[in-house]
There are 2 protein chains.
Amino acid sequence: MATERLRSQMTFLIELDRMKGIFRQSSVYSGQRMENDAEHSWHVTVMAMVLQEYAAEEIDIAHVLELLTTHDLVEIYAGDTFAYDPAGNQDKYQRESASADRLYALLPQDQTPRFRALWEEYESRATPEARFAAAIDRLQPLLSNWLNEGVNWKAHQVKAAAVRNRMAPIRDSAPALWELTEEIIRASLAQGYLSE
Amino acid sequence: MATERLRSQMTFLIELDRMKGIFRQSSVYSGQRMENDAEHSWHVTVMAMVLQEYAAEEIDIAHVLELLTTHDLVEIYAGDTFAYDPAGNQDKYQRESASADRLYALLPQDQTPRFRALWEEYESRATPEARFAAAIDRLQPLLSNWLNEGVNWKAHQVKAAAVRNRMAPIRDSAPALWELTEEIIRASLAQGYLSE
């Protein structure tokens with residue numbers, strides 16, 4: 001028989017399957033449908049592997065991968081909060097913190113603090129790894145909005161200034177990727193995907 | 001303007017979005033729909049993080065995460081090969097190798113061999129990390145088949161011996177997880193999800 005410890009770990013890992021049903025406000029790059037948190041989390045992980053050379057600070061890429069694999073798990077009970085929704089973002093931390101309490105309690109006692117700490121670190125941006133992870137987390141949906149011709153930006157009348165503000169982690173922790181970001185924002189303005 | 005190097009990396013990362021449209025022969029755990037390669041790749045990554053203590057050999061977990069994040073990228077052009085299809089598995093390596101050549105050529109020249117080597121390592125099972133990654137890659141869909149009451153096993157009349165054979169990487173590189181595997185196979189036989 002599997003041990004109680006392994007059963008707890010399995011319960012946690014089975015619960016995580018819900019990530020595949022949490023849909024975001026950005027689409028897969030083809031634009032055919034919205035993408036879910038599992039897909040996004042995978043995509044940012046491989047992006048970080050490919051783009052690690054652009055980190056402005058020295059980073060432990062392994063730790064970046066751990067942060068990105070788990071950064072959205074709190075959405076399992078808290079749901080996705082649209083980046084450009086000020087009301088939803090007001091109580092985001094409280095909702096996600098309650099979700100983290102509930103989710104990580106499924107793990108064996110010694111693993112609970114370790115996994116919760118990954119989320120706290122990501123949210124706090126207190127380490128070079130958390131800052132670079134946040135930059136990649138911003139870049140991935142920016143590309144989506146650009147490739148699908150701003151369909152979600154247009155639907156929410158998102159302004160270029162709001163996107164620049166949202167993308168600030170890229171400017172701060174991966175300046176070489178900021179040039180690309182600016183290029184995409186300018187082109188999106190020119191195409192009417194974003195408004196001034 | 002973004003450099004040519006960054007443009008190559010972006011082309012590669014945008015191409016990887018196709019993983020979200022490559023559907024596997026196993027479902028999300030709720031059983032509501034089949035799951036895609038991006039979702040599977042994310043799920044095995046977080047599984048490896050949680051279950052790393054069960055690796056029989058000493059492993060560098062960072063390297064396991066890199067292997068699992070990228071292990072199915074070759075399916076972008078080669079497609080998913082059903083694990084229990086002997087014909088499809090005969091030319092699997094050739095098809096996937098051609099896919100790897102095409103896919104990794106999108107990267108800047110110095111990154112091509114590094115990423116291709118990750119896939120070769122995973123396929124060869126030549127390192128403790130590749131062996132543990134393979135074990136996790138087997139466990140993730142086993143749970144799916146168990147939780148969805150063997151719907152895909154029954155559709156293909158899969159036999160318990162074939163599943164035991166397929167799960168061998170678990171026995172070899174994570175024996176503590178093998179007990180759980182055996183338990184699931186026995187229960188699946190008892191429930192009629194698998195045939196003798």
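The values are calculated or read from the model by the stated rules, or taken from the named source; none is laboratory data. Just so it is clear, the structure is predicted and the values come from calculations on it, not from any experiment. All Cβ positions, glycine included, derive from the backbone under ideal geometry; neighbour counts span all protein chains shown. The accessibility values were calculated without ligands, DNA or RNA, using every heavy atom of the protein model including side chains. Shrake-Rupley method; radii C 1.70, N 1.55, O 1.52, S 1.80 Å.
The table for this structure:
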item: Condition check for A:HIS63: open to solvent by less than 10 Å² (accessible area, probe 1.4 Å), at negative phi and more than 7 Å from chain B (Cβ to nearest Cβ); result: no
item: Residues that are open to solvent by 50 Å² or more (accessible area, probe 1.4 Å) and either under 17 Å from A:VAL46 (Cα atoms) or assigned to a helix (DSSP H, G or I) (or both), drawn from the stretch A:118-130; result: A:GLU120, A:GLU123, A:SER124
item: Matching residues, the stretch B:182-196, being within 14 Å of chain A (Cβ to nearest Cβ) and open to solvent by less than 70 Å² (accessible area, probe 1.4 Å); result: B:GLU182, B:GLU183, B:ILE184, B:ILE185, B:ALA187
item: Selection within the stretch A:22-53 - within 7 Å of chain B (Cβ to nearest Cβ) and in a helix (DSSP H, G or I); result: A:ALA38, A:GLU39, A:SER41, A:TRP42, A:HIS43, A:THR45, A:VAL46, A:MET47, A:MET49, A:VAL50, A:LEU51
item: Restricting the stretch A:131-181 to residues that are of a type in the set (Asp, Glu) and open to solvent by 70 Å² or more (accessible area, probe 1.4 Å), the residue that is farthest from A:THR81 (Cα to Cα); result: A:GLU179
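Yes/no matrix, rows are residues, columns are (1) hydrophobic (A, V, I, L, M, F, W, C); (2) modelled with pLDDT of 95 or more; (3) open to solvent by 20 Å² or more (accessible area, probe 1.4 Å); (4) under 13 Å from the mean Cα position of the chain (by Cα):
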position: B:MET10; (1), (2), (3), (4): yes, yes, no, no
position: B:ARG18; (1), (2), (3), (4): no, yes, yes, no
position: B:ALA38; (1), (2), (3), (4): yes, yes, no, yes
position: B:GLN94; (1), (2), (3), (4): no, no, yes, no
position: B:LEU107; (1), (2), (3), (4): yes, yes, no, no
